[in-house]
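These notes concern the structure reproduced below.
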Amino acid sequence: LFDRQGSKISLTEAGKLLLEHCGRILEDYKRLEYEMHLLHNEYTGELRLGASTTIAQYVLPPLLASFIKKLNLSLMNGNSREIEAALQEHRIDLGLVEGVFRLPNLKYTTFLEDELVAVIRTGSKLQVGEEITPEELLHIPLVLRERGSGTLDVFERALLQHNIKLSSLQVLMYLGSTESIKLFLEHTDCMGIVSIRSITRELYAGQLRVVEIKDMAMLREFSFAQPQGQESGLSQVFMQFATHH
């Protein structure tokens, strides 16, 4: 089943075949367990979720608080590319991602719309009005999400619609979460690009303000992601629950 090459090992063709069939057997067992309990109108089992950072922090918590009463849940957090990789490696059953790119071997189902906005801290020394043009972004220091995040994917695509390359911007930092960006904005005179859902409290408290970017809509969809042809019963139950909620 294994080939040894020095200090490393890899699967032989037989090992790869065994791994593939074991994965199918485990999927079938989970589906059997789900359907047996469904005969008595019960949901039971374990569901392994993976969610991109924005969804995990600002969308999922109230859903999980209600749904966890029904069955066992585990949650992996990472950027959209990491969640898609975990799905392909069968480390999770269902992903929730926020990017604009789609992998052909995964099935995506939209469940929520979102919008990215440009924000600065109230009282910032930046000379920025209520609205700017996309070209003015070239002269404003920015803090952005890291490569592989759905947030950066959407922002970069919006820039390209105005023939602006990400590499031409003055990016001070790339950070791994929206919370990190908000804390960075509190202490630095720069602009961040974040989900409108992530700054509700800061807007009401007057800590941050939104700066409109003229003719540059940054809309995106939050989507469920699943391996093609491997939809488990518990995944479907959670998707229906989340969509209804």
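Report yes if ILE213 is modelled with pLDDT of 95 or more and under 28 Å from LEU103 (Cβ atoms), otherwise no.
Working: modelled with pLDDT of 95 or more: yes; under 28 Å from LEU103 (Cβ atoms): no.
It is false that ILE213 is modelled with pLDDT of 95 or more and under 28 Å from LEU103 (Cβ atoms).
THR122 meets the stated requirement of being of a type in the set (Val, Ile, Thr), open to solvent by 50 Å² or more (accessible area, probe 1.4 Å) and more than 30 Å from SER223 (Cβ to Cβ).
Among the residues of this structure, PHE67 counts as one that is farther than 27 Å from LYS214 by Cα and open to solvent by less than 10 Å² (accessible area, probe 1.4 Å). Exactly one residue out of PHE184, PHE155 is modelled with pLDDT of 90 or more and under 16 Å from the mean Cα position of the chain (by Cα), and it is PHE155. Within segment 93-105, if we keep just the residues that are of a type in the set (A, V, I, L, M, F, W, C) and open to solvent by 10 Å² or more (accessible area, probe 1.4 Å), the residue that is nearest to THR200 (Cα to Cα) turns out to be VAL100.
Does GLU115 qualify as being farther than 21 Å from LEU152 by Cα, out of contact with any Lys or Arg (no Cβ under 7 Å at 6 or more places or on another chain), open to solvent by 70 Å² or more (accessible area, probe 1.4 Å) and not basic (Lys, Arg)? No. Reported count of residues in segment 69-102, each being touching a residue at least 40 places away in the same chain (Cβ under 8 Å) and either under 19 Å from VAL154 (Cα atoms) or hydrophobic (A, V, I, L, M, F, W, C) (or both), is 17.
Would a scan of segment 97-119 turn up a residue that is within 12 Å of the chain's Cα centre (by Cα), at pLDDT 90 or above and within 11 Å of ALA225 (Cα to Cα)? Yes, because at least one residue in segment 97-119 is within 12 Å of the chain's Cα centre (by Cα), at pLDDT 90 or above and within 11 Å of ALA225 (Cα to Cα). Looking at segment 1-96, the helices (runs of 4 or more DSSP H) lying wholly inside it that each contain 2 or more residues that are modelled with pLDDT of 90 or more and either out of contact with any Lys or Arg (no Cβ under 7 Å at 6 or more places or on another chain) or within 15 Å of GLY150 (Cβ to Cβ) (or both) sit at 53-58, 80-88.
The values are calculated or read from the model by the stated rules, or taken from the named source; none is laboratory data. Worth saying up front: this structure is predicted, and the values here are computed from it rather than measured. Every residue, glycine among them, receives a Cβ derived from its backbone with ideal geometry; neighbour counts consider all protein chains shown. What goes into the accessible areas is simple: the full protein's heavy atoms, side chains included, and nothing from ligands, DNA or RNA. Shrake-Rupley method; radii C 1.70, N 1.55, O 1.52, S 1.80 Å.
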